[in-house]
Amino acid sequence: MEEKLKILGLTPNEARVYIALCKYEQAVVHTIAREAGVNRTTAYGVLHKLLHKGVVAEKTLNNVKYFIAVDIDMLFERVSREYEDLRESVPGIRGLQRFYTDRPKIHFFHGLEAVKSLYDDTLTADKEILGYVNATYGLKAFYDFQFNDYIPKRVKKNILYRGLYVKDDQADGLIQQSKTMLREVRFLPQEKFFINHEINMYNDKIMYIFFKKKLIYGALIQDKDLVRTERSIFEILWEYSSQFLQTTS
């Protein structure tokens, strides 16, 4: 019975005292305390709280204070009113939730191990991963992770990577490697395409990997509208890059 009263908003002690009081038409504090199994001081404090909640009433007779349990239906009525008040506030609460839900989610990653977990997340890609890369930037440990761990996992999951790279002396080698890496590469001339970090897009996320001397860190933004825009830009550049295909074969 106490558990049911907790649902109606009473604390364990409040429920215990209320049940004890219900056994009497009216009772003094020490009787209620004995019946509820609490000390007199606790009982008096709980009764005071129940008075404020409208669950208990009091009266004084011959200078003796008696407490009376209010009909349980009145407790239901109070809870019902509070429930209706809450229902009326739901639209406002939902509006707040939508405000925060619709905001882009941004997370930062510092250090190689953290960035590895960021790359692991790209393995959840529904289809392909789109990216911008300058292969001359990076750390040896990062590229060891890429070639020995990440890329084999991506290939095993059959996730295609389409990348736009800066055209440099490594272009021909990248084309040859791509044949076994489930990767399509195209190039843009250095004088038109400056990038010293890596950008990847997948699902509703876009990730940035930055290299600063011996440091590596990343950022992940989750926002479907942003990614849709960036994908559109990527596809325009992908189409534009087709004019340079013959120069890299």
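A few points about this structure:
- Counting only helices (runs of 4 or more DSSP H) that sit wholly inside region 1-48, those with at least 3 residues that are buried (at least 16 other Cβ atoms within 10 Å of the Cβ) and modelled with pLDDT under 90 are 12-22.
- Count of region 60-88 residues which are modelled with pLDDT under 70, of a type in the set (K, R) and closer than 30 Å to H30 by Cβ: 1
- Hits in region 28-51 - residues which are touching a residue at least 24 places away in the same chain (Cβ under 8 Å) and farther than 15 Å from N13 by Cα: V28
- The lone exception for L188 - which of (1) loosely packed, with under 15 Cβ neighbours inside 10 Å; (2) over 27 Å from K105 (Cα atoms) it fails: (1)
- For region 52-67, the set of residues classified as in contact (Cβ under 8 Å) with a residue 12 or more places away in the chain and either part of a helix (DSSP H, G or I) or within 48 Å of the chain's Cα centre (by Cα) (or both) consists of K53, G54, V55, V56, A57, listed by residue number.
- Unmet requirement for G163, which otherwise passes all of (1) at positive phi; (2) at pLDDT 90 or above: (1)
- Considering the conditions (1) loosely packed, with under 11 Cβ neighbours inside 10 Å; (2) more than 21 Å from E113 (Cα to Cα), K213 is excluded by exactly one of them, (2).
- When the criteria are applied in full, T180 fails the requirement of being surrounded by 12 or more Cβ atoms within 10 Å (Cβ to Cβ) and over 26 Å from A114 (Cβ atoms).
The values are calculated or read from the model by the stated rules, or taken from the named source; none is laboratory data. Model, not experiment: these values are computed from the prediction. Note: ideal-geometry Cβ built from the backbone for every residue, glycine included; neighbour counts use all protein chains shown.
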